[in-house]
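A short worksheet on the structure shown next.
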Amino acid sequence: MKTLLELFLKGGPVMWPILALSVVGLAILVWKAFEIRAGRRDPKGLVVVSTIITAEPMLGILGTVTGIMQTFGALNGADGVANPMSATAGIGEALITTAAGLIASLILLFPYNVIEEKVED
């Protein structure tokens, strides 16, 4: 089994914004959870998390597109000769990035809904 870092790096450049958005979204949710625990129910910041939850799967799809583009580039070959084995890296990148965008979004979605519900009470 590949290490998490190896998997992350194989996901290509789109993995970095997915990671950054995940960290920001998680930080906001932790901050909101502490506020709720302290008795404050301010919705400030939740729209950012909602936007992140929407954007992460789209970034995953962007990674899919770039990975498939890489695959077609490898299949065309610079010298006009197709190399099917080099296509696997692009397909792998596409699948890893798609999964990362979906997983990151889902990890934020459930606590976001709980916190939003508590803020609206």
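The values are calculated or read from the model by the stated rules, or taken from the named source; none is laboratory data. Fair warning: this is a prediction, and the values are worked out from it, not measured in the lab. Note that we place each Cβ from the backbone using ideal geometry, even for glycine, and neighbour counts take in every protein chain shown.
Odds and ends about this structure:
- Residue count, the range 42-79 (criterion: modelled with pLDDT under 90 and outside any helix (DSSP H, G or I)): 3
- The residues listed here are PRO84, PRO111; of these, the one that is surrounded by fewer than 17 Cβ atoms within 10 Å (Cβ to Cβ) and at pLDDT 95 or above is PRO111.
- Within the range 66-86, residues that are among the β-branched types (Val, Ile, Thr) sit with their Cβ atoms under 6 Å from residues that are surrounded by 12 or more Cβ atoms within 10 Å (Cβ to Cβ) and at pLDDT below 75, at 6+ positions apart or across chains, in these pairs: THR71/ALA87.
- Taking the criterion of being in contact with a helix residue (DSSP H, G or I) (Cβ under 6 Å, 6 or more places away or on another chain) and without any contact (Cβ under 8 Å) to a residue 60 or more places away in the chain, the residues of the range 9-47 that qualify are PRO17, ILE28, GLY45.
- Checked against the criterion of being of a type in the set (A, V, I, L, M), farther than 11 Å from THR97 by Cβ and over 15 Å from the mean Cα position of the chain (by Cα), the candidates ILE28, ILE68 yield just one match: ILE28.
- Across the range 1-41, the number of residues qualifying as outside any helix (DSSP H, G or I), farther than 15 Å from GLU116 by Cα and in contact with a Lys or Arg (Cβ under 9 Å, 6 or more places away or on another chain) comes to 1.
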